[in-house]
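Below: one structure, written as structure tokens.
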């Protein structure tokens, strides 16, 4: 049995995955997508495990391997949907799942209307990006105009697009679950720290394990299924007053180092086990 | 019966579509996506006809309308696949359809390898973009390095990505067909003019009608089906020596003014007729 | 007598200048710098009056005409200094003129230090840009981080650079004077309107005439002299509590339509008169 | 005696400079301009030696130190002129010095005219940039259009601007001299290697020492004087047929590692010696 592991920046996570595969007798072929050009229609192994940090490169890697009949994990369709927050939110909503109220500003001319339609503060973010980057809590008109002016100068239409989103009072925390092959393997809470309202670990957020209750598990599995993902992490916000849960983001190339440290769950092992079972089908 | 027509820059084509719908008793609701923010989950009509010139905005428009249960034409899935040439080519290849040999360079470190693997001249293009923009015929190392250096300075990863493609000797022409609801409605040839090798009309290319033969029709219908498109234009290259046909590009928001003028076919009418038939199902 | 008028977007102001020159028997040669390439060392007339809206293009126009011995108004040295607010502020400070306390952040690593060194709110702006664009009133850490993250994504080092500046309590107004050939010809006040704190006319600011007192006149003439400018507009902030005046910005290609309407002073006439006197020397 | 050395990326060159100063009893204060915000009007020492690799940051560093009365080497005026090739070429031309015939394209509309006015191949480059980056040898219309289209997509007006320059047949080599305090300290030849026409060391160019003849020395000293530079490197092209010399580029923050290795001249020592003499004046 063989798996191709496609990567750009090898991290601890990729090393753990290689080990977990080898322990199960699976040969791992490594492909650095930055140093090897990828021929459309050429394939390295039956399964292409995409661990590329750049979301756009991850998507291309999956699509190119599928072109030759490989099974990409996650599939290119999943990575397309997870790689753009407007597409993710739209699909979740189409499935009747709860998301924060979200409005999309495609042209600067519609920005004033959007501003008036949301109570302050609201959240503004572009549809692409990781680690909380550019996610802004807009408290007043002056901040809103600054964000608009800055984003108007971006080259890419994705970065010029705004998702304006109701701010969920979650007490500075969110829930992150990981789903593998339709099963939730665990969950953590991330808390924002100090004067930073965002919970991202890259911004200092702290992670601690929690028990997965039925509602969180159900929501997570539905979200993963909505995007067709086999290995997915999901961010959930809980309104601290009403207890209402909201799906916030779905990640198609999950980071799992912090999750693993907090919960003691070997995500690499769980994933390798799942992929071996897929190959045996 | 009601159709929502989503647009950003109204052209003759949109005016013709409105007329064609009204003649069939269909009310048309107009939405300028630049001046109206779009709420995810809000819908204006059962059918959302996406005529937005910006491909990224077109994709978002379709996804947001689908979130509330509307049928977008084309669907967001189709627009995702057509909006990025790597995704299009990969899907076509996965279906066993003929494309020019294509290699993807995701990192500058792999550029030299790609250069050596192709006979010169070869074609270089980014996965996004319209009207032939940035499509370069690379004849030698010096041009290749200039293109690489320029693209490395782009903000967006899509523009930093290269599709390196074998150059098909097509005698300065390509074939464009339009497919509506699984049927080819006609075809034109586009010829490059003067010292410009690209055939795009925006670059001076000339359009003339041709008869659609069986092979071209079959290829077009298969390409449209591969991306799940209901209203699609398809670019086909014919090798002038071997006669071999290659699928080159698939457009999810087809321009049709030049096609209409060359062939006399009322594309707007054909499309309106098709959409009415969809609504009656 | 001949003057070359270099422009990119002809406005009312340029038409008035042409008239004023013709009334004085001066022939005006028009050069659209967007449609005519400029050969370094070629000259059209003894005087090159630079009315190019893009500051970078204005600078190049002046330098290229000086290369062949023409007198540019303003000179390329003046346009260099006025085209970048760090250079302007540094020169003003070097001359002992009063500017708001200003700190320059060249790398993201020094942003936290700068944040701590200023009372809130403070002003953040890039060294280039017009009409108040990207000028942000930073009230808290969360806004500061959003601005930093947005600017880190800009391609140009100038836009990635921050001028952090003490906020002068000027009661939502600033003073704008125009200096021609070392003489102040008049002044206006610009007031910010509604929920916009910036006074720029492009952002809705209102203009009204004021009398030029001795202190304002002296400051303006010194500022113009510091940058070597012959036709300059100057922005001055007055602390509403202490009455202290601060030089804020110096513009090397002044817009004067609003100034003219508010004061009734024919800036075009004053400038033409001055230039004729220069040519007669 | 004290010197402030401002830097961003410390290289061997900066270490050698620190040693050379210490051997002369000069204390060196180090300022990393990326980690320390710079207050306009604050000064660290009488002399500010600017060794910042980023040209824009180098310019700001010099200007900010001059604001408090320090002597920057090079001065901000020199760095302004050297930091932009259009300004450099214009000043050299204004002084009657020989440069390759150069035309500036500020708007895409004037690109066709420029193309027709130059024999092929010609050189195209933006006014900013180092190590030969984006410098393109344009052989035909198709390459020219590709370069134009790529540069139109840049955010900065400087990168959207083209210097179109006659190609000097220099046999794949150029001459680089270093001038300190009005004296040429030596010269090298840089040769391009393999299929790369540019001579830049970053692109594989090879360096070897040559004797400085009278003509080269005179040209170098005049060039340094034209930009007011105290420590300057100069690139000179020699037409291999006519022997005519052309000034090509003038660098205000010279790299000197390769020069030092090829010639055996301790540039750091020469510079320290000169700066000590300046301080003693």
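Quick note: the coordinates plus some simple rules give every number you see, no bench work behind them. Just so you know, these numbers come straight off a predicted model, no measurement behind them. Virtual Cβ from ideal backbone geometry, glycine too; neighbours counted across all protein chains shown.
For residue C:113, the point set 7 Å out from Cα toward Cβ sits 4.2, 4.7, 4.9 nm from its twins in the other copies, listed from shortest up.
For chain D, the longest principal axis of the C-alpha atoms and the axis of helix D:214-226 are separated by about 70°. Taken residue by residue and averaged, Cβ atoms of other chains lying within 10 Å of the Cβ of A:137-144 number 5.
With each label modelled as a point 7 angstrom along the Cα→C-beta vector, the residue A:30-residue A:53 pair spans 1.6 nm.
A crude spin-label estimate for the pair residue B:42 and residue A:225, with each label 7 Å from Cα along the Cβ direction, gives 3.1 nm.
Along each principal axis, taking the top coordinate minus the bottom one, the Cα set of segment A:142-281 gives 56, 36, 26 Å in descending order. The gain in end-to-end length when the residue A:22 to residue A:97 segment is fully stretched comes to 23.1 nm, 0.36 nm per residue minus the alpha carbon separation.
Averaged over all directions, how much area does the convex hull of the C-alpha atoms of chain D cover when projected, in nm²? Hull-based average projected area comes out at 15.2 nm². Per residue, the average separation of C-alpha pairs within less than 8 Å and at least 6 apart gives chain D a relative contact order of 19 percent. The value for the protein assembly as shown of Rg(Cα) / (2.2 N^0.38 Å) is 0.99.
The angle separating the long axis of helix B:267-280 from the principal Cα axis of greatest extent in chain B is about 60 degrees.
Ascending distances from the residue D:15 label point to its copies in the other chains, with the point 7 Å along the Cα-to-beta-carbon line: 2.8, 6.6, 7.1 nm.
When chain A is treated as a Gaussian network with alpha carbon springs shorter than 10 Å, the biggest mean-square fluctuation among A:237, A:30, A:49 belongs to A:30. Per-residue shielding of A:150-163, expressed as the average number of other chain Cβ atoms within 10 Å of the residue Cβ, stands at 6.
For the protein assembly as shown, the share of DSSP beta bridges that are antiparallel, to the nearest 5, is 75%. Against chain D, whose longest principal axis comes from its Cα atoms, helix D:85-94 is set at around 90 degrees. Take each residue of peptide D:88-98, count the partner chain Cβ atoms within 10 Å of its Cβ, and average: the result is 4. Within segment D:221-267, the percentage of alpha carbon pairs spaced more than 17 angstrom apart rounds to 46%.
What whole number of Å gives the distance from the Cα centroid of segment B:76-95 to the Cα centroid of segment B:187-246? Between the Cα centre of segment B:187-246 and that of segment B:76-95, the gap is 17 Å. When the Gaussian network model of chain C links Cα atoms closer than 10 Å, the mean-square fluctuations of C:127, C:209, C:37 top out at C:37. With n ≥ 4 as the cut-off for DSSP H runs, can you work out [θ] at 222 nm for the protein assembly as shown, using -39500 (n - 2.57) per run divided by the number of residues, rounded to the nearest 500? Dividing the helical sum by the residues of the protein assembly as shown leaves -10000 deg cm²/dmol. Note: segment B:2-82, Cα convex hull, 80 Å³ per residue. Result for chain A in a Gaussian network model with C-alpha springs under 10 Å: among A:241, A:74, A:251, the largest mean-square fluctuation is at A:241. Across segment D:101-166, Cα-Cα pairs farther apart than 18 Å form 25% of the total. Taking every C-alpha pair closer than 8 Å and separated by at least 6 residues, the mean separation divided by the residue count of segment D:173-265 gives a relative contact order of 31 percent. Distance between the pseudo-spin-label points of residue B:139 and residue D:1 (7 Å out from Cα toward the beta carbon): 5.7 nm.
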